[in-house]
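As structure tokens, the structure follows; a few thoughts come after it.
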Amino acid sequence: MVILLTGATKGIGAATAELLRAHGHNVAAVSRHAADTPGQLNIPADVSREADVKAAIAQTVSHYGRLDAVIANAGVGSFAELENFSSEEFDRIFATNVRGTFLLAKYAVPIFKAQKSGLFLGIASDVSKRTFAHGTAYGASKYAQDALLGSLRKEVRPHGVKVSVIYPGMVDTHFNGDRPGDPAKVHTHLSAADVARAVLYVLDQPPGVVVDELMLHPITQQW
């Protein structure tokens, strides 16, 4: 399969790109600071910019000759009481998490419809289904992303196109400035590789099967 993956430089994205390549998939790795990784097409792009997204999809199709799946993994977040958020920070979170997903779908879906196949996979969060203090901006963006993908699923299924969403709980990554590898998180957080394996599971389903939603938690996390 030819798979375009955003947020591919670190964390879940990097682990997913590595696993997909190991299973023989062609990966177009998109990130704001694309790494020079052998064995994959590396595309620098900001998913909040329409011209960047349009060019990344066109470059993927030009390089590989087709597009079978898009994994909308790029995401940002910060956490504070609502009154302490600047409007600029609120807009930054929505620009990546919601506008980025919208733009990827806008330019990938016509390709999928034309070939009567394709998978659009969003990496959301379990906060797409719950709320918590200090999560107003991030949680709202994830609810919006989830609603966007849920509606898209209904639009494209008659065309043979799949839309899936994975909802990870807490993951030990660089997200929000964290530094992964803390031994204390081994039993309280998922690893990036855990989420990558879930992505591979969704991709490996036969043509007639779609995983609409997949929730992942570390066994110690209370849902």
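The values are calculated or read from the model by the stated rules, or taken from the named source; none is laboratory data. Computed from a predicted structure; not experimentally measured. Cβ placement follows ideal geometry from the backbone for every residue including glycine, while neighbour counts extend to all protein chains displayed. For the accessible areas, the whole protein counts, side chains as well, though only heavy atoms, and no ligand, DNA or RNA atoms are used. Shrake-Rupley method; radii C 1.70, N 1.55, O 1.52, S 1.80 Å.
A count restricted to the range 3-23 and to residues that are under 17 Å from His33 (Cβ atoms), over 11 Å from the mean Cα position of the chain (by Cα) and open to solvent by 10 Å² or more (accessible area, probe 1.4 Å) stands at 4.
For Gly177, the conditions (1) closer than 24 Å to Phe102 by Cα; (2) at pLDDT below 95 are fulfilled apart from (1). Among the conditions (1) under 30 Å from Gln115 (Cα atoms); (2) open to solvent by less than 80 Å² (accessible area, probe 1.4 Å), the only one that Phe79 does not satisfy is (1).
Inside the range 105-150, residues that are at negative phi, open to solvent by 50 Å² or more (accessible area, probe 1.4 Å) and modelled with pLDDT under 95 make up a count of 6. When each of Val61, Val30 is tested for being among the β-branched types (Val, Ile, Thr), open to solvent by 10 Å² or more (accessible area, probe 1.4 Å) and touching a residue at least 40 places away in the same chain (Cβ under 8 Å), the lone residue that passes is Val61. Just wondering, is there one or more residues in the range 90-104 that are in a loop (DSSP other than H, G, I, E, B), loosely packed, with under 15 Cβ neighbours inside 10 Å and of a type outside the set (A, V, I, L, M, F, W, C)? No, that holds for no residue.
Among the conditions (1) within 17 Å of Ala95 (Cβ to Cβ); (2) open to solvent by 70 Å² or more (accessible area, probe 1.4 Å), the only one that Pro38 does not satisfy is (1). Exactly one residue out of Asp68, Asp91 is within 26 Å of Asp194 (Cβ to Cβ) and of a type in the set (Asp, Glu), and it is Asp68. The set of residues from the range 106-146 being of a type in the set (A, V, I, L, M), in a helix (DSSP H, G or I) and touching a strand residue (DSSP E or B) at 6+ places or on another chain (Cβ under 6 Å) comprises just one member, Ala108. Those residues that are surrounded by 13 or more Cβ atoms within 10 Å (Cβ to Cβ) and farther than 14 Å from Val163 by Cα, I need them from the range 202-223; list them, please. Listed by number, the residues that qualify are Met215, Leu216, His217, Pro218, Gln221. Filtered by the rule that a residue be under 26 Å from Glu88 (Cβ atoms) and open to solvent by less than 40 Å² (accessible area, probe 1.4 Å), the range 41-58 gives Ala45, Asp46, Val47, Ser48, Val53, Ala56. Taking the condition in a helix (DSSP H, G or I), under 23 Å from Ala124 (Cβ atoms) and either among the aromatic types (Phe, Trp, Tyr) or without any contact (Cβ under 8 Å) to a residue 24 or more places away in the chain (or both), does Ala17 pass? It is true that Ala17 is in a helix (DSSP H, G or I), under 23 Å from Ala124 (Cβ atoms) and either among the aromatic types (Phe, Trp, Tyr) or without any contact (Cβ under 8 Å) to a residue 24 or more places away in the chain (or both).
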